[in-house]
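Let me begin by presenting the structure, written as structure tokens, before commenting on it.
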Amino acid sequence: MDVGIAGSAREAAALAADLVAAALVGSTSPVLGVATGSSPVGIYDELAQRVARGELSLAGASAFMLDEYVGLPVGHPQAYRAVIDEIFTRKVDIDPSRVHGPDGGASDVEGACAAYESAIRDAGGVDVQILGIGTDGHIAFNEPSSSLASRTRIKTLTRQTRLDNARFFGGDLDAVPTHCLTQGVGTILEAREIVVVATGAAKSEAVRQMVEGAVSARWPATALQLHPRVTVLLDPEAAARLELADYYREVWANKPDWQRP
Ligand code: GLP
């Protein structure tokens with residue numbers, strides 16, 4: 001796991017965008033894994049600026065979302081499909097018909113989850129996955145106790161996650177769905193490269209566990225330690241509880257050029 005401690009959230013987003021862009025060039029039909037939440041917004045803005053400047057194109061790319069709420073009416077502004085359209089799809093030159101997400105309105109939930117797994121496989125798998133992390137250590141919506149081998153399925157959200165996300169529902173906890181469909185930890189680990197971004201003090205304990213904790217379903221993000229190509233980009237607040245922060249800074253500062261995007 002490569003840990004980059006940036007000077008600010010903005011710098012962390014720019015570094016993440018460098019890695020994502022580097023993973024996408026060289027393929028005419030790259031596959032990007034996209035996350036919702038506020039953490040990746042800066043990355044999408046960076047990618048959009050690069051597209052606008054003609055330095056990057058997602059015209060041939062496809063994208064797969066991590067998760068979707070269950071039970072929100074079609075077109076609800078907080079449905080992750082609507083959120084990803086707003087923060088990513090409409091800002092870049094990707095074909096909207098090639099941005100896929102799990103079907104949170106499906107009556108056949110198991111069938112919808114299996115179909116989503118097949119769609120990712122049929123696209124050739126995810127080249128680079130953008131990830132955030134929940135304050136309870138979830139990745140996508142894999143809450144504590146999620147199997148580290150899990151595949152796309154329905155999950156119950158923790159109260160903590162619903163409290164965290166209530167800000168997107170006018171602060172009304174009751175308006176936050178209780179269930180979701182989410183890629184499993186095992187699904188996410190099949191991406192060829194993973195870029196995690198976390199900012200702010202509220203993430204510092206989850207970040208400490210993810211980077212330095214024992215691998216455990218108690219903190220699902222710790223499963224990322226089992227993946228050979230993960231870069232974690234942090235601001236100083238999110239990095240504040242890392243025991244080996246000085247070492248990560250030294251490694252990052254002394255990276256040979258060939259290891260940089
Ligand atoms: C959300 C999403 C995750 C996201 C996380 C953190 O609920 N399901 O994919 O990484 O929680 O969100 P934020 O970046 O807004 O803190």
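The values are calculated or read from the model by the stated rules, or taken from the named source; none is laboratory data. What you are looking at is a predicted structure, and each value in this text was computed from that prediction instead of being measured. Don't worry about glycine lacking a Cβ; one is built from the backbone with ideal geometry, like all the others, and counts go over all protein chains shown. In case anyone asks, the SASA skips ligands and DNA or RNA and just uses the protein heavy atoms, side chains included. Shrake-Rupley method; radii C 1.70, N 1.55, O 1.52, S 1.80 Å.
I'd like to know if region 45-53 contains one or more residues that are within 16 Å of the ligand (Cβ to nearest atom), over 23 Å from His138 (Cβ atoms), open to solvent by 30 Å² or more (accessible area, probe 1.4 Å) and over 16 Å from the mean Cα position of the chain (by Cα).
No, region 45-53 contains no residue that is within 16 Å of the ligand (Cβ to nearest atom), over 23 Å from His138 (Cβ atoms), open to solvent by 30 Å² or more (accessible area, probe 1.4 Å) and over 16 Å from the mean Cα position of the chain (by Cα).
Being away from the ligand (no atom under 14 Å from the Cβ) and assigned to a loop (DSSP other than H, G, I, E, B) is the filter here, so list the residues in region 127-143 that pass it.
The answer is Asp127, and nothing else.
Of all residues in region 144-168, how many are in contact with an Asp or Glu (Cβ under 7 Å, 6 or more places away or on another chain), more than 9 Å from the ligand (Cβ to nearest atom) and in a loop (DSSP other than H, G, I, E, B)?
4
Could you tell me how many of the residues in region 118-138 are open to solvent by 20 Å² or more (accessible area, probe 1.4 Å) and over 30 Å from Arg159 (Cβ atoms)?
Of the residues in that region, 7 qualify.
For region 139-156, what are the residues that are in contact with a helix residue (DSSP H, G or I) (Cβ under 8 Å, 6 or more places away or on another chain) and either closer than 14 Å to Leu72 by Cα or open to solvent by 20 Å² or more (accessible area, probe 1.4 Å) (or both)?
Pro144, Ser147, Leu148, Ala149, Arg151, Arg153, Ile154
Can you report the number of residues in region 242-258 which are free of Cβ contacts under 8 Å to residues at least 40 places away in the same chain and either surrounded by 17 or more Cβ atoms within 10 Å (Cβ to Cβ) or not basic (Lys, Arg) (or both)?
Residues flagged as free of Cβ contacts under 8 Å to residues at least 40 places away in the same chain and either surrounded by 17 or more Cβ atoms within 10 Å (Cβ to Cβ) or not basic (Lys, Arg) (or both) within region 242-258 amount to 10.
Report yes if Gly42 is over 27 Å from Asp122 (Cα atoms), within 16 Å of the ligand (Cβ to nearest atom) and either at pLDDT 95 or above or surrounded by fewer than 21 Cβ atoms within 10 Å (Cβ to Cβ) (or both), otherwise no.
Here the answer is yes, as Gly42 does meet what is asked.
(1) open to solvent by less than 40 Å² (accessible area, probe 1.4 Å); (2) more than 13 Å from the ligand (Cβ to nearest atom): which one isn't true of Cys180, the others all being true?
The failed condition is (2).
Tally up the residues in region 24-39 that are over 21 Å from Thr199 (Cα atoms) and open to solvent by 30 Å² or more (accessible area, probe 1.4 Å), please.
Result for region 24-39: 5.
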